[in-house]
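Comments concern the structure below.
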Amino acid sequence: MPFCFEVNDVVPEVGDFKSVLIVPCRFCPAASMAVKSNEPYIEFPRRSLKTASYERLLAETKEGFEARGVRTSVFKSTFLHHFVLCMWTGRRRKALLERAREYEAVVVMGCEAAVATVRSTLESTDCHVIPGLRSEGIMSIQPKFSLPCNVTLDLESITRYVHLES
């Protein structure tokens, strides 16, 4: 039951920042982008555990900031247990804290729980935390396997959220 997302236009929120770190969750957003683009979620071993449509979104976001003269990089996650941002260990959060000190803002590509995780991790810094995605709802999906080791996600339904503006 991964979340379904829409991409936020973060350019106005980034404003005059000169440096932005993009912090991606690699579970729900990758599933959402795979469903929306009708592309495989996993193409193993071709792309290892990365989802092509999500990697494109991250690259486009990074390139958009760089085109405006903003120093940008993506906080990498290489181990499987680092992929779900809202479940990061204390050690992983400490690594983010150290890295984020080099940036004025952090754009979180994940759900509201991921944003909360990053906010609590960075509360001792002056780093601004900006949500890069907005949850639309929860997807009911059915995984399909094909050779060699591809996994696609067939969308059955989306249970939509009602967002209350504060």
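Where a number appears in this text, it was derived from the coordinates with a stated rule and is not lab data. Worth saying up front: this structure is predicted, and the values here are computed from it rather than measured. We place every Cβ from the backbone using ideal geometry, glycine too, and count neighbours over all the protein chains shown.
For q = 0.20, 0.24 Å⁻¹, what log10 I(q)/I(0) does the range 59-128 give under the Debye formula with an equal point scatterer on each alpha carbon and no solvent?
Rounded to two decimals, the profile gives -0.88, -1.21.
What range in the chain is the longest one free of GluC sites (Glu not before Pro) that are in a loop by DSSP and have at most 16 other Cβ atoms within 10 angstrom?
Result for the longest clean stretch: 1-101.
What is the Cα coordinate range of the range 3-160 on the first, second and third principal axes, sorted by size from largest, in whole angstrom?
Extents along the principal axes, in whole Å: 46, 32, 31.
Can you grab the distance from the C-alpha centre of the range 108-164 to the C-alpha centre of the range 19-45, Å, no decimals?
Comparing the Cα centres of the range 108-164 and the range 19-45, I get a distance of 9 Å.
Once the piece of chain linking E60 and R91 is laid out straight, how much longer is it, given 0.36 nm per residue of separation minus the C-alpha distance between them?
Using 0.36 nm per residue and subtracting the Cα-Cα distance, I get 8.3 nm.
What full-extension length gain, to one decimal in nm, is calculated for A113 and S73 as 0.36 nm per residue of separation minus the Cα-Cα distance?
Full-extension gain reported as 12.2 nm.
Would you mind checking which residues have amide H under 5 Å from V107's amide H? H placed 1.01 Å from N; only 5 or more apart, or other chain.
Distant-sequence amide H within range of V107: L21, I22, V23, I130.
Select from L122, L58, L147 the residue whose mean-square fluctuation is largest in a Gaussian network model of the chain (Cα-Cα springs shorter than 10 Å).
The residue with the greatest mean-square fluctuation here is L147.
How far apart, in nm, are two points set 7 Å out from the Cα along the Cα-to-Cβ line at C149 and at Y161?
Rounded to a tenth, the inter-label distance reads 3.3 nm.
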